[in-house]
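S.K.: Submitted below is the structure of interest, expressed as structure tokens.
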Amino acid sequence: MRNTAIISALATTTALLVASATWAQQIDEAAKATYETGIAAVRALKSVEMTTAMTVKGIEAGMVPADFGAPTVFACEFTDGGQIPIGRLFLAPTGADPAWRCAFDGKEAILVETAAKEYKTSSGDMWVFVLGQHMSSIPQWIFETRMMDPAQEGAPTLTSASNVGTETLDGVECQVVKIERAVSYGEEDEAEKLTITETIAFGTGDSLPRRVELVTTVSGDPTGGMAMVSTFTGVKANPALESSMFSTTAPEGFTKAAEPEAGAEMSQPELKFKVGDAAPEFTLKTIAGEEVSLASLKGKVVLLDFWATWCGPCKAAMPEMQKIADDYKDKGVVVYGINVWEKKEDAAKKYIESKGFTYPTLLSGDDLAKQYGITSIPTLVVIGKDGKIAKTEVGFGGAEALRKAIDEAVAAVFLSSAN
């Protein structure tokens, strides 16, 4: 369903949660009250205008797209119903001549790319699909708080709340609280505990957030999670927004991009190689120290899974990678995890051993990721027996499409052999 895909695109790893659990609680009631008041203040907003920005800690700067999380003007009118609680929306980088802008007037949406002199359009709940790589400019915490009721079944359980102190941000006195919530996900017999830690600075006057630092960790993870820090400045609660901000009229002289086909998924970040291209050669070592080259795998169908131990969606996909490796091991198919962007040298080895995965992982895949132009993980690449790319997938949307691509590549192997 499209609406499910939209929500998933805006949500964090909480989209992976399938069950809640009970853990020991250490809750300061005053901190909990501050947090709950902040949640209520965001959910009560009719409109908001602010400048948002995001930074990521715990990952090399070169691994993050250059404009990721750059300061962006965000103006929005909320609605109370529907899957996406937006009436009208405006997004654009700060500055006099922004590189792009997005507007949604409640019915139609437009994304204008200034340098390319191009624009894209969409309508209704599909407005979010025009954003593409600019999705990170949406203030995630605000949206999730509007869309997800903390009291609903399956929501993370509050396990800890503490006061950090007061701080002045953007000229506003803030009460800073540290909140931990926990859930379990995965199969019952292999369930893991996901802990979501948020350190939030709420304005003491309006109870709206000015900074949110989010860290997610998984039980048994030897590396811990990376942190995303979002800041909100120039916050205006319930302003009267000018209708001109939400204009969906295309600039004169700009060309309209091709419309996405009906049923098409949200556009993915483009890689440097596409289906039909020869896959770039590589030679990497396994955890055991054995060298593996793409040339040595010619004649086999190869599935590469680019992943890291701090990446929750990557780890959620790994049991399916194991199943694919097991199911296709006698069909000329090999599965390799390509470990990238790690903070600790032995992190991948420890994680693989702790989970008992038997399909091989190749280490130090950063250069190969750069060759492919990978900026987001997990990224999956299916390579046919002829060494050409048969499928690429950024993010893991389920096994069905992946297995179909592998089946087609296997069939091509047998057809070639028969001829």
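S.K.: Only one of (1) surrounded by fewer than 21 Cβ atoms within 10 Å (Cβ to Cβ); (2) farther than 22 Å from ALA401 by Cα; (3) without any contact (Cβ under 8 Å) to a residue 60 or more places away in the chain is not met by ASN339, so which one is it?
M.R.: Failing condition for ASN339: (1).
S.K.: Looking at (1) modelled with pLDDT under 80; (2) small (Gly, Ala, Ser); (3) surrounded by fewer than 17 Cβ atoms within 10 Å (Cβ to Cβ), find the lone condition where SER184 falls short.
M.R.: (3)
S.K.: Read through the list (1) under 30 Å from ALA99 (Cα atoms); (2) modelled with pLDDT under 95, then give the number of the only condition that GLY276 fails.
M.R.: Result: GLY276 passes all but (1).
S.K.: Within region 303-314, identify whether any single residue is over 16 Å from LYS355 (Cα atoms), assigned by TED's automatic domain parsing to the domain that holds ILE352 and among the small types (Gly, Ala, Ser), and answer yes or no.
M.R.: no
S.K.: Considering region 36-69 alone, what residues qualify as being touching a Ser or Thr at 6+ places or on another chain (Cβ under 9 Å), modelled with pLDDT under 70 and among the small types (Gly, Ala, Ser)?
M.R.: GLY58
S.K.: Related question: Of everything in region 325-346, what is in contact with a Ser or Thr (Cβ under 6 Å, 6 or more places away or on another chain) and over 13 Å from LYS315 (Cα atoms)? Give them in sequence order.
M.R.: Scanning region 325-346 gives LYS343, LYS344.
S.K.: If you check ALA317, ALA369, ALA348, ALA401, which single one turns out to be among the small types (Gly, Ala, Ser), touching a strand residue (DSSP E or B) at 6+ places or on another chain (Cβ under 8 Å) and over 29 Å from GLY132 (Cα atoms)?
M.R.: None of the others qualify; the one that does is ALA348.
S.K.: Let me spell it out: the conditions are (1) within 17 Å of GLY312 (Cα to Cα); (2) within 23 Å of the chain's Cα centre (by Cα); (3) at pLDDT below 90, and SER354 meets all of them except one. Which number is the exception?
M.R.: Just one mismatch for SER354, condition (2).
S.K.: Here is a list: ALA75, ALA109. Which entry is touching a Phe, Trp or Tyr at 6+ places or on another chain (Cβ under 8 Å), at pLDDT 95 or above and outside the structural domain of ASP366 (by TED's automatic domain parsing)?
M.R.: Testing whether each residue is touching a Phe, Trp or Tyr at 6+ places or on another chain (Cβ under 8 Å), at pLDDT 95 or above and outside the structural domain of ASP366 (by TED's automatic domain parsing) leaves just ALA75.
S.K.: Which one of these is basic (Lys, Arg) and either buried (at least 18 other Cβ atoms within 10 Å of the Cβ) or farther than 28 Å from VAL56 by Cβ (or both): LYS344, LYS370, LYS355, LYS385?
M.R.: Among LYS344, LYS370, LYS355, LYS385, only LYS385 is basic (Lys, Arg) and either buried (at least 18 other Cβ atoms within 10 Å of the Cβ) or farther than 28 Å from VAL56 by Cβ (or both).
S.K.: Could I ask something else about it? Kindly indicate which of VAL235, VAL229 is of a type outside the set (Asp, Glu) and modelled with pLDDT under 95.
M.R.: VAL229
S.K.: Can you tell me which residues in region 124-160 are assigned to a helix (DSSP H, G or I), modelled with pLDDT of 80 or more and among the β-branched types (Val, Ile, Thr)?
M.R.: VAL130, ILE142, THR145
The values are calculated or read from the model by the stated rules, or taken from the named source; none is laboratory data. Since we're looking at a predicted model, the values are computed, not measured. Note: ideal-geometry Cβ built from the backbone for every residue, glycine included; neighbour counts use all protein chains shown.
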